[in-house]
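Enquirer: I have a structure here, written as C-alpha cells, and I will follow up with some questions on it.
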Amino acid sequence: TDLLYICDMLGKYCINFNMISLTKSSISLALNTFEHNFDQTILKHLSVNYVVTTINNVSVVSVVGQGLSNTVGIASKLFSCIANNNINIEMISQSVPQTNITFAVKDQFLNTTLNSIHDLLFIENF
C-alpha cells in the first residue's frame, strides 16, 4: 500500500515523523525539527508519485480522551477556540477509534494554542 511504501522510504533514510496525512496523490509530514536527514533525495523519491508539502517550524498537539467519540461537536469547538486566537491549523489527523485529535500549529503559536485548549476544557467546563 501507499503508506507502507512511504514508511519504507522514510525508514531507508532514518526519518522519524510525528504525524502523517496521506491522500491518493499527496503526503504531508510533521517531522522533528532536528531531522537533518530529510533532504532533496527523499523529496525527489516521494515526488515521483505524490505531491509533497513541507511546512517548517510546527508543533504537534494531541487532545486525547475516551469521551471524544461521544461528544458531539468537540472538534468544531476545539478548532473554533484556536481560530478565535487567529491561529491557523496546518495539519489535522484523527485516530480510527476517535480517542484523539492531533493537529499541527506553527511553533510560535504553541503556547497560545495550549492555553486556549486548557481554557476550553477546564475553565469553560466543556
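The values are calculated or read from the model by the stated rules, or taken from the named source; none is laboratory data. Because the structure is a prediction, the values reported are computed rather than measured. In this analysis, Cβ positions are derived from the backbone assuming ideal geometry, glycine residues included, and neighbour counts consider all displayed protein chains. Heads up: the accessible areas ignore ligands, DNA and RNA and are worked out on the full protein's heavy atoms, side chains in. Shrake-Rupley method; radii C 1.70, N 1.55, O 1.52, S 1.80 Å.
Enquirer: Has segment 85-104 got at least one residue that is closer than 25 Å to GLU124 by Cβ and more than 17 Å from the chain's Cα centre (by Cα)?
Expert: Yes: one or more hits.
Enquirer: Give the residues of segment 96-108 that are open to solvent by 30 Å² or more (accessible area, probe 1.4 Å) and at negative phi, sorted by residue number.
Expert: VAL96, PRO97, THR99, ASN100, LYS106, ASP107, GLN108
Enquirer: Answer yes or no as to whether SER28 is modelled with pLDDT under 80, open to solvent by less than 60 Å² (accessible area, probe 1.4 Å) and either hydroxyl-bearing (Ser, Thr, Tyr) or closer than 16 Å to MET9 by Cβ (or both).
Expert: no
Enquirer: Oh, and also: In segment 59-89, what count of residues is obtained for those that are surrounded by 17 or more Cβ atoms within 10 Å (Cβ to Cβ) and either farther than 17 Å from SER116 by Cβ or among the acidic types (Asp, Glu) (or both)?
Expert: Matching residues across segment 59-89 total 1.
Enquirer: Then there is this: Provide a single number: the residues in segment 104-126 that are outside any helix (DSSP H, G or I), in contact with a helix residue (DSSP H, G or I) (Cβ under 8 Å, 6 or more places away or on another chain) and within 20 Å of ALA30 (Cα to Cα).
Expert: First pass over segment 104-126, keeping only residues outside any helix (DSSP H, G or I): 104-106, 124-126.
When the remaining residues are screened for being in contact with a helix residue (DSSP H, G or I) (Cβ under 8 Å, 6 or more places away or on another chain), the result is 105, 126.
Among the residues that remain, those that are also within 20 Å of ALA30 (Cα to Cα) are: 105.
Of the residues in segment 104-126, 1 are outside any helix (DSSP H, G or I), in contact with a helix residue (DSSP H, G or I) (Cβ under 8 Å, 6 or more places away or on another chain) and within 20 Å of ALA30 (Cα to Cα).
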